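Visitor: Sharing a structure, written as structure tokens. Questions coming.
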Amino acid sequence: MFEYLINLPRMVKRLITIIMDIVFISIAYFGSLGIRYDSSQPIYESNHWIVLSFVIFVSLITFIRLGLYRAILRFVTIKILKTVLIGTTISLSAVLLGAYFLQVTIPRTVPVIYFMILVLLIVGSRLFFRTILNIERDSRISVIIYGAGDSGRQLLTTLNQMNGYFVAAFVDDNHKLHKLILYGITVYSPANLEKLIAQYNVKQILLAIPSVSMSRRREIIENLTALPCEVLSIPGMEELITGKAKLSTLNKVSIDDLLGRDPVKPINDLLKANIVDKNVMVTGAGGSIGSELSRQIINQRPKKLVLFELNEFSLYAIEAELREVIKQKQLDIQLIPILGTIQNKEHLVNVMTAFRINTLYHAAAYKHVPLVEYNMIEGVKNNIFGTLNCALSAIETGVESFILISTDKAVRPTNVMGTTKRIAELILQAQAQKQSITRFCMVRFGNVLGSSGSVVPLFRKQIEQGGPVTLTHPEITRYFMTIPEASQLVIQAGAMGVGGDVFVLDMGESVKIIDLAKRMISLMGMKEKSVENPNGIEIRITGLRPGEKLYEELLIGDNVSKSSHPRIMTAKEIMLDWHELNLLLIELKNACINADVKLVRELLLTFPASFNPVDGICDLVWQEKYSN
């Protein structure tokens with residue numbers, strides 16, 4: 001029965017409360033008369049009923065105007081006494097006025113008794129129900145919905161059908177909605193958030209603003225990071241429209257929301273140029289960038305999509321996902337999962353020949369800076385000679401377009417990984433100059449949010465475990481871009497190249513990683529450890545890792561030009577002709593075959609890659625071998 005009453009619509013519950021107050025007013029009126037009169041004196045004569053009717057009318061109007069029925073019983077406090085005292089005083093005045101005009105004689109003590117009984121009944125009933133509700137429903141999480149539009153109202157309806165949440169208030173930027181009551185919930189200005197959180201013991205703020213711009217969303221979330229609440233969000237409008245997510249899905253606000261930008265509308269001709277009705281191949285298709293590239297490529301309807309991947313599980317996962325998309329959208333696309341390594345040129349040639357590849361996106365690489373420092377030979381073999389194998393195979397099999405996924409770490413590199421990626425760029429530049437069968441271009445950008453090895457998932461995991469959040473240096477900065485934005489720009493840049501082009505994506509402003517960590521701690525409803533808050537999440541500085549830079553760059557030199565796309569630039573880089581570069585590569589390959597780590601390091605320094613190592617040789621096998 002109790003559960004049934006709790007789940008009644010708010011308007012029905014208000015009506016029940018009003019009826020209950022009518023009973024209380026009647027009890028107070030006749031009760032005060034009964035206490036004061038002898039049993040021989042009649043108290044239920046017609047004049048008393050008329051007075052009571054007038055008192056009930058005035059009292060209810062007063063209580064409604066004072067907002068007594070807008071109060072949420074679960075969260076009423078003793079502060080309600082003030083409202084009840086004012087309302088009961090006016091109710092008492094109605095008793096005196098009614099008795100005076102109808103010439104009903106009442107003893108002088110009746111008004112005092114009436115006042116005391118009515119205050120006791122109204123305040124006592126509210127506090128009683130609050131106690132019962134808190135006992136029965138103390139497991140519910142008190143939340144505020146940010147956004148009182150259609151999405152916010154639908155979210156409220158959904159949450160009302162669930163047992164885990166209690167919506168204390170709406171908050172909205174639209175001042176026209178402030179103080180309105182929607183489905184029994186009052187809409188407040190964001191300026192009231194701190195007071196509302198304290199008043200209702202709010203644990204979570206739920207963002208229901210799927211259609212706002214990324215810049216406005218970022219601004220809102222930045223304002224919420226200072227509040228002692230976890231911030232959750234409903235999916236974006238695109239996910240809701242496409243059916244990828246439901247309105248009831250509540251996600252942790254990702255750092256993408258703080259770092260992402262308003263997307264620039266893609267140039268459709270560029271998106272389609274290398275893909276529509278073509279046979280496309282993606283190396284490293286199971287990785288962070290490779291998998292998103294594959295998703296974007298599917299949307300442009302290629303004839304065939306070859307997913308080339310070394311890791312079996314990663315290949316299985318992206319194939320299964322894309323097959324489901326193809327099935328749902330009824331696309332006529334042949335999806336081909338191929339296991340293999342880019343270090344096997346014969347296999348690459350066989351694959352490209354068998355499926356007559358027109359466009360190749362080369363995303364396969366070892367990208368983790370410290371790991372490549374610890375495994376130098378494998379990093380060189382995969383990133384340099386694997387790229388060379390892909391390039392030569394593409395030329396041999398007549399691939400039309402070859403797009404290399406490069407990195408900002410290739411600019412004035414201080415580590416082996418960045419150096420190998422810069423040498424990979426040199427290989428493609430030289431091959432672009434040497435032949436005209438395959439059009440080569442490179443696209444260089446910084447970190448992508450949520451990729452394998454990214455600080456974002458690492459920080460999230462550390463915060464969930466209670467800390468500490470480990471940071472290599474308090475001054476370290478990085479560029480960030482969302483994976484979908486980066487992948488879409490890569491496809492467009494690849495269509496713009498004429499041969500040997502180095503494209504640089506506009507990454508926006510660099511981000512200080514310690515600020516990123518602090519924001520994530522706040523977004524997850526926690527506080528940073530301090531003298532005032534010793535139980536908070538500690539941020540621990542561990543020192544720079546091998547090969548790590550304090551900041552990354554995107555360009556070499558200042559010879560940069562704009563392109564037809566506002567977020568894609570072109571850069572003119574130093575390059576070698578193929579004959580000269582090949583001599584260096586032969587020496588480097590022999591050194592790798594002989595596992596001569598020291599010679600490999602020396603040879604890397606001879607390439608025009610501006611390699612300026614900040615550490616000694618960190619290769620783990622070499623160190624173990626020569627440490628004794």
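Visitor: Take every Cα pair under 8 Å in the chain that's 6+ residues apart, average their separations, divide by the length, and report that relative contact order as a whole percent.
Guide: 10 percent
Visitor: With percent of Cα pairs over 48 Å apart as the read-out, I listed (1) 35; (2) 14; (3) 30; which label goes with the value calculated from this structure?
Guide: Matching entry in (1) 35; (2) 14; (3) 30: (1).
Visitor: Given Val84, Ser406, Leu177, which one lies farthest toward the positive end of the charge dipole of the chain, if we put +1 on the Cβ of every Lys and Arg and -1 on the Cβ of every Asp and Glu?
Guide: The Cα lying farthest towards the positive end belongs to Val84.
Visitor: Given the C-alpha centroids of segment 421-438 and segment 485-533, what is the distance between them in whole angstrom?
Guide: 28 Å
Visitor: A further question on this structure: Roughly how big is segment 397-449's charge dipole about its Cα centre, with Cβ charges of +1 (Lys, Arg) and -1 (Asp, Glu), in debye to the nearest 20?
Guide: My answer is approximately 160 debye.
Visitor: May I ask you to derive the relative contact order of segment 268-606, considering only C-alpha pairs under 8 Å and at least 6 residues apart, and to give it as an integer percent?
Guide: It rounds to 17 percent for segment 268-606.
Visitor: I need the calculated FRET efficiency for the pair His368 and Glu464, taking r as the beta carbon distance and R₀ as 22 Å, to the nearest 0.05.
Guide: 0.50
Visitor: What order do you get for Ile80, Ile209 when you list them from fewest to most C-beta neighbours inside 10 Å?
Guide: In increasing order of surrounding Cβ atoms, one gets Ile80, Ile209.
Visitor: Would you please state which residues of segment 570-585 a label at Gln433 would reach in this model, taking the label point 7 Å out along Cα→Cβ and a backbone N cut-off of under 11 Å?
Guide: From segment 570-585, the list is 573-582.
Visitor: When the Cα centres of segment 388-406 and segment 174-202 are compared, how far apart do they sit, in Å?
Guide: What the calculation gives is 58 Å, centre to centre.
Visitor: Then there is this: Just rank Ile333, Ile326, Ile144, fewest to most, by other beta-carbon atoms within 10 angstrom.
Guide: Fewest-to-most ranking of Ile333, Ile326, Ile144: Ile326, Ile333, Ile144.
Visitor: Related question: So what's the projected area for segment 268-606, the Cα convex hull averaged over all directions, in nm²?
Guide: 18.1 nm²
Visitor: Here is a further query. Would you work out which of His347, Ser393, Leu307 lies farthest towards the positive end of the dipole of the chain? Charges go on Cβ: Lys and Arg +1, Asp and Glu -1.
Guide: Final value for the positive-end residue is Leu307.
Visitor: As a footprinting exposure proxy, order Leu550, Leu428 by other Cβ within 10 Å, with the fewest listed first.
Guide: Working: Leu550 14, Leu428 28.
Starting with the residue having the fewest Cβ neighbours, the order is Leu550, Leu428.
Visitor: Additional query: Okay, helix-only estimate at 222 nm for the chain: each DSSP H run of n ≥ 4 adds -39500 (n - 2.57), divide by all residues, round to 500 deg cm²/dmol; what do you get?
Guide: Result for the chain: -15000 deg cm²/dmol, rounded to the nearest 500.
Visitor: Can you tell which of Ser291, Ala94, Ile541 lies farthest toward the positive end of the dipole of the chain, using +1 and -1 charges on the Cβ of basic and acidic side chains (Lys, Arg; Asp, Glu)?
Guide: Ala94
Visitor: Between Gly446 and residues 5 or more places away or on another chain, which pairs have amide H atoms under 5 Å apart, with H built 1.01 Å from N, and which residues are they?
Guide: Counting only residues 5 or more places away or on other chains, the set is Asp408.
Visitor: Here's something else I'd like to know. Within the set Lys265/Lys303; Lys367/Lys598; Lys409/Lys518; Lys304/Lys562; Lys265/Lys367, which residue pairs have Cα atoms separated by over 31 Å? Don't skip to the answer; put the middle values down first.
Guide: Working: Lys265/Lys303 25 Å; Lys367/Lys598 21 Å; Lys409/Lys518 25 Å; Lys304/Lys562 33 Å; Lys265/Lys367 29 Å.
Cα-Cα > 31 Å for Lys304/Lys562; rest within.
Visitor: In nanometres, what is the gap between the two model label sites at Leu15 and Arg295, each 7 Å from Cα along Cα-to-Cβ?
Guide: So the two model labels end up 4.8 nm from each other.
Visitor: Using 0.36 nm per residue, how much length does the chain from Ser563 to Phe129 gain when fully extended, once their Cα-Cα distance is taken away?
Guide: So the extension gain works out to 149.5 nm.
Visitor: Tell me, what is the FRET efficiency for Asn533 and Lys598 to the nearest 0.05, using R0 = 41 angstrom and their Cβ-Cβ distance as r?
Guide: 0.25
Visitor: Is there a quick way to get the dipole size of the chain? I mean about its Cα centre, with the Cβ of Lys and Arg at +1 and of Asp and Glu at -1; what is the value in debye to the nearest 20?
Guide: 1940 debye
Visitor: Please give the FRET efficiency for Val325 paired with Asn223, using the beta carbon to beta carbon distance and R0 = 56 Å, rounded to the nearest 0.05.
Guide: Working from the Cβ atoms, E equals 0.95.
Visitor: Can you give the % of DSSP beta bridges in the chain that are antiparallel, to the nearest 5?
Guide: Approximately 20 percent, going by the DSSP bridge assignments.
Visitor: What nm distance separates the two modelled labels at Ile617 and Ser189, each placed 7 Å from Cα along Cα→Cβ?
Guide: Rounded to a tenth, the inter-label distance reads 6.8 nm.
Visitor: According to the Cα gyration tensor, what semi-axes, each the square root of 5 times an eigenvalue, does the equivalent ellipsoid of segment 401-450 have, listed from largest to smallest in whole Å?
Guide: In descending order the semi-axes read 22, 13, 6 Å.
All of the numbers you see were taken from the coordinates with simple rules; none came from a lab. Since we're looking at a predicted model, the values are computed, not measured. Counting neighbours? That spans all protein chains shown, and the Cβs are built from the backbone with ideal geometry, glycine included.
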